[in-house]
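The values are calculated or read from the model by the stated rules, or taken from the named source; none is laboratory data. As the structure is a computational prediction, the values presented were derived from the model and not from experiment. Cβ: placed from backbone, ideal geometry, glycine included. Neighbour counts: every protein chain shown. The area values use the complete protein model at the heavy-atom level, side chains included, leaving out ligands, DNA and RNA. Shrake-Rupley method; radii C 1.70, N 1.55, O 1.52, S 1.80 Å.
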Amino acid sequence: MAYDLKLVPEPDHGVMPAIIISVLVLIVVAVVVFLVNPRKTAELKLQRVNLYAPHTEFANNSSVHVAGLPNSAEDDLYVVVTVSMTDKLRLPLYVSGTTLTLTSADGTSEEATGVAPQYYGRLESTFPKLGSYLGAPLYDGDEIDPGKTRTGNVLVLFPGMTEASWHNKKSAVLTISLRNQNPQTIKLP
């Protein structure tokens, strides 16, 4: 009869095999997450761009008339951009702001933020033609559900600018900022 006498304890391999297996499992999980998650946050498509450039003249109707004081005038450029945004994530997207950056022919840039939809009614009554361009707004706080598309208008005002300035521009870029995600940009014609 043979007895197995263990006079020497088994060699201890330590925690190294467990660490190697854990690292391999983490690498596999990271590769799967990378391959399964979408690459784009959202897809932004330009539908149309409408311009409205009113020239407003103000008469000097004060009770005290100053000799030689001319009437004043103002040029403004309203840009109405209609875009559709499709959520490519499995999470809802929330719009946190809109800006339009215009680079003029001489290279200077001017940035304007979106006009709040609460002012649309007043602008429509003041400028009925502008009202014909306005539809559902895409503005701060709007939510886009996963896999869904939202179409809306972004209204931007460039005070003191004319329509000719727009047509002579070098570039125009609309930026839609999203909460907890990278901003989405699109070039305008």
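A few comments on the model shown:
- Here the gap between T103 and S125, fully extended at 0.36 nm per residue and compared with their Cα-Cα distance, gives a gain of 4.9 nm.
- Bins of 5 Å, starting at 0 and running to the largest distance - Cα pair percent for the chain: 1, 6, 12, 13, 12, 10, 8, 6, 5, 4, 4, 3, 3, 2, 2, 2, 2, 1, 1, 1, 1, 0, 0, 0, 0, 0, 0
- Calculated [θ] (222 nm, deg cm²/dmol) that DSSP helices of n ≥ 4 give over the chain, each run adding -39,500 (n - 2.57): -6000 deg cm²/dmol
- Among L77, L93, L35, residue whose mean-square fluctuation peaks in a GNM of the chain (springs only between Cα atoms under 10 Å): L35
- Rolling a 1.4 angstrom probe over segment 18-57 with all protein chains present gives an accessible area of which 70% lies on carbon and sulfur atoms.
- Seen against the Cα atoms of the chain and their longest principal axis, helix 16-36 is set at about 30 degrees.
- Sequentially through segment 147-160, phi angles give Karplus couplings (6.51, -1.76, 1.60; θ = phi - 60°) of x, 9, 10, 10, 10, x, 9, 10, 9, 10, 10, 10, x, x Hz, Gly and Pro residues having no value and appearing as x.
- Shown here for segment 131-171: chymotrypsin sites (Phe, Trp or Tyr not before Pro) in loop regions (DSSP other than H, G, I, E, B) with at most 12 other Cβ atoms within 10 Å, of which there are none.
- In segment 84-186, the trypsin sites (Lys or Arg not before Pro) that fall in loop regions by DSSP, at most 13 other Cβ within 10 Å: R90, K148, K170, R179
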